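Beneath this line is the structure, given in structure tokens, with notes to follow.
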Amino acid sequence: MAGGVHILVAEDEDLVAMALAEVLKAEGFRVTMTYNGQEVIDADAFGPADLLVTDMRIPVLGRKVLIETLRERRPSLPIIVMTGYSEHLPDDDPGRLVVLRKPFSMSTLVRHAEAFLRYPPPVCRARGALERIGGCL
């Protein structure tokens, strides 16, 4: 499943970042590590990701601006948000965004990543532009 699939990880805590990279690479994913929101934008522009895994409290831009910026360019990019907080959480958006509350097992992260990548949201073309229509992106 993973062969060549590119996951962009945004995590500013070194030990967590190393653990995430190690597990995802062991599952066969190609992983690009970033440590702040601007690095995510730059890395995705250089080599578009198939999935973003981000900490909710990512420095520089922050989670909300980061996701809004990526959604402008890539509305169907699946995103996994990791958090240890219980307030101001983004809503889950089936097929597009899920929130994993820490602590979670790495197998849970891998399971969500594989589900996003196995069943990407359908793309609908309407009037020459990508639009969200009845669950299509």
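The values are calculated or read from the model by the stated rules, or taken from the named source; none is laboratory data. Small disclaimer: the values here were computed from a predicted structure and weren't measured. A quick note on method: Cβ atoms are made from the backbone with ideal geometry, for glycine too, and the neighbour counts reach across all protein chains shown. Heads up: the accessible areas ignore ligands, DNA and RNA and are worked out on the full protein's heavy atoms, side chains in. Shrake-Rupley method; radii C 1.70, N 1.55, O 1.52, S 1.80 Å.
Points to keep in mind about this one:
- Among residues of region 8-55, those that are part of a helix (DSSP H, G or I) and of a type in the set (A, V, I, L, M, F, W, C), counted: 15
- Candidates are the residues of region 5-28 that are open to solvent by 10 Å² or more (accessible area, probe 1.4 Å) and within 24 Å of Arg71 (Cβ to Cβ); the one that is nearest to the chain's Cα centre (by Cα) is Val5.
- With respect to the conditions (1) at pLDDT 85 or above; (2) polar (S, T, N, Q); (3) open to solvent by 80 Å² or more (accessible area, probe 1.4 Å), Ser86 falls short on a single one, namely (1).
- Flag for Met56 being hydrophobic (A, V, I, L, M, F, W, C) and open to solvent by 50 Å² or more (accessible area, probe 1.4 Å): no
- Close contacts from region 16-40, counting a first residue that is touching a residue at least 24 places away in the same chain (Cβ under 8 Å) and farther than 18 Å from Gly62 by Cα and a second that is open to solvent by 40 Å² or more (accessible area, probe 1.4 Å) and assigned to a helix (DSSP H, G or I), with Cβ to Cβ under 6 Å and a gap of 6+ residues or different chains, come to Val23/Met106; Val31/Lys25.
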